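A.B. asks: Attaching a single structure in structure tokens format; questions to follow.
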Amino acid sequence: MNALDKALKGGILDYDEADFKLVDQTVEKNTQIINEINYQNHSIDERRRLFSRLFGYQVPNTSDIKAPFNADLGCHTFIKDNVFINKDCFFMDLGGVWIDEGTKLGPRVALITVNHGEAPTERKTLITKSIHIGKNVWLGTGVTVLPGVTIDENSIVGAASVVTKDVAPNSVVVGSPAKKIRDVRG
């Protein structure tokens with residue numbers, strides 16, 4: 001199992017591993033695609049084609065991702081139908097980001113799947129945990145979602161919130177750290 005596979009599976013990666021070069025090579029290759037997305041004007045279809053190259057599968061025709069966009073890896077992001085990702089989002093997706101159908105991400109959302117060991121001697125290691133965003137979720141402007149979080153279906157995360165723990169279905173959460181304030185209306 002190479003470092004990309006280990007990262008997607010979740011757990012601890014030693015940055016000194018020889019096969020970690022594969023991660024660096026993938027980042028470099030995908031940065032070229034990201035630069036092409038961000039620094040040239042493209043139609044929605046052309047952007048979707050470029051994102052399909054970046055992610056490594058055909059992005060659904062019903063989904064739209066706006067530029068600029070940034071990712072550390074890119075190829076560990078998985079989106080379904082009718083997903084909308086607004087401008088200036090950043091996905092640190094080494095540990096895997098799954099976004100279910102009908103989900104909307106506001107501008108400058110950050111999805112972070114990587115952390116480091118707390119002890120100074122452990123900070124060279126990477127700890128990956130995937131993020132799962134359920135159906136019909138809405139993440140407001142500037143939301144940050146931390147490693148290992150699942151945001152369940154129909155939930156709303158208020159602008160500038162930092163999500164550190166799982167969010168139950170049909171919940172509205174806000175703040176840093178995000179806390180539930182009520183159920184979704186309607």
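The values are calculated or read from the model by the stated rules, or taken from the named source; none is laboratory data. Note that the structure is predicted; figures quoted are calculated from it, not measured. Glycine gets a Cβ as well: all are built from the backbone with ideal geometry, and neighbour counts include every protein chain shown. We work out accessible area using only protein heavy atoms, side chains counted, and drop any ligands, DNA or RNA first. Shrake-Rupley method; radii C 1.70, N 1.55, O 1.52, S 1.80 Å.
A.B. asks: For the stretch 33-123, state what percent of all Cα-Cα pairs lands in each successive 5 Å bin, counting from 0 Å until the bin that includes the largest distance.
C.D. replies: With a bin width of 5 Å, the distribution comes to 3, 14, 24, 28, 16, 6, 4, 4, 2, 0.
A.B. asks: Using a simple spin-label model with points 7 Å from Cα along the Cα→Cβ vector, what separation in nm is obtained for residue 184 and residue 5?
C.D. replies: Result for the modelled spin labels: 3.7 nm.
A.B. asks: Which whole-Hz couplings ³J(HN,Hα) result when phi for each residue of the stretch 173-186 is put into the Karplus expression 6.51 cos²θ - 1.76 cosθ + 1.60, θ = phi - 60°, listed in order with x for Gly and Pro?
C.D. replies: Karplus-based 3J(HN,Hα) across the stretch 173-186 equals 10, 8, x, 9, x, 5, 10, 5, 10, 5, 7, 5, 7, x Hz.
A.B. asks: Counting Lys and Arg as +1 and Asp and Glu as -1, each charge on the Cβ, what is the dipole of the stretch 138-184 about the Cα centre in debye, to the nearest 20? Don't skip to the end; give the middle numbers.
C.D. replies: Details: 4 positive and 4 negative charges, 40 e Å.
The dipole magnitude comes to about 200 debye.
A.B. asks: At a Cα cut-off below 26 Å, give the lysines reachable from residue 29, other chains included and same-chain residues fewer than 8 away excluded.
C.D. replies: Once the sequence-local lysines are set aside, what remains near residue 29 is 6, 9, 21, 66, 80, 87, 124, 129.
A.B. asks: Can you give the charge dipole size of the stretch 1-155 about its Cα centre, rounded to the nearest 20 debye, using +1 on the beta carbon of Lys and Arg and -1 on the beta carbon of Asp and Glu?
C.D. replies: On the way: 17 positive and 21 negative charges, 68 e Å.
About 320 debye.
A.B. asks: Which FRET efficiency value, to the nearest 0.05, do you get for residue 90 and residue 119 by plugging their Cβ-Cβ distance into 1/(1 + (r/R0)^6) with R0 = 30 Å? Present the calculation step by step, with values, prior to reporting the outcome.
C.D. replies: Working: r = 27 Å, r/R0 = 0.90.
Using R0 = 30 Å, I get an efficiency of 0.65.
A.B. asks: Let me ask something else about it. Under 15 Å from the Cα of residue 104, which aspartates and glutamates turn up, not counting those fewer than eight places away in the same chain?
C.D. replies: Within the straight-line limit of under 15 Å, residue 104 reaches these aspartates and glutamates: 64, 81, 88, 152, 153.
A.B. asks: Given a 1.4 angstrom probe, what's the average accessible area per residue across the stretch 1-157, in square angstrom? Show your work: numbers first, answer last.
C.D. replies: On the way: 7620 Å² over 157 residues.
Averaged over the residues of the stretch 1-157, the accessible area is 49 Å².
A.B. asks: With a 1.4 Å probe and every protein chain left in place, tell me how much accessible area residue 182 has, in Å² to the nearest 10.
C.D. replies: Solvent-accessible area, nearest 10 Å²: 90 Å².
A.B. asks: A follow-up question, please. Roughly to the nearest percent, how much of the accessible area of the stretch 58-118 is carbon and sulfur, given a 1.4 Å probe? Could the numbers behind the result be given before it?
C.D. replies: Details: 1150 of 2360 Å².
Result for the stretch 58-118: 49 percent of the exposed heavy-atom area is carbon or sulfur.
A.B. asks: Let me ask another. Heavy atoms only, probe 1.4 angstrom, no DNA, RNA or ligands counted: give me 36, 28 ranked by accessible area, highest first.
C.D. replies: Details: 36 55, 28 120 Å².
If we order 36, 28 from most to least accessible, we get 28, 36.
A.B. asks: Apply the Karplus curve 6.51 cos²θ - 1.76 cosθ + 1.60, θ = phi - 60°, to the phi angles in the stretch 64-70 and return the couplings in whole Hz, x for Gly and Pro.
C.D. replies: Values per residue, Gly and Pro as x: 9, 10, 8, 9, x, 9, 9 Hz.
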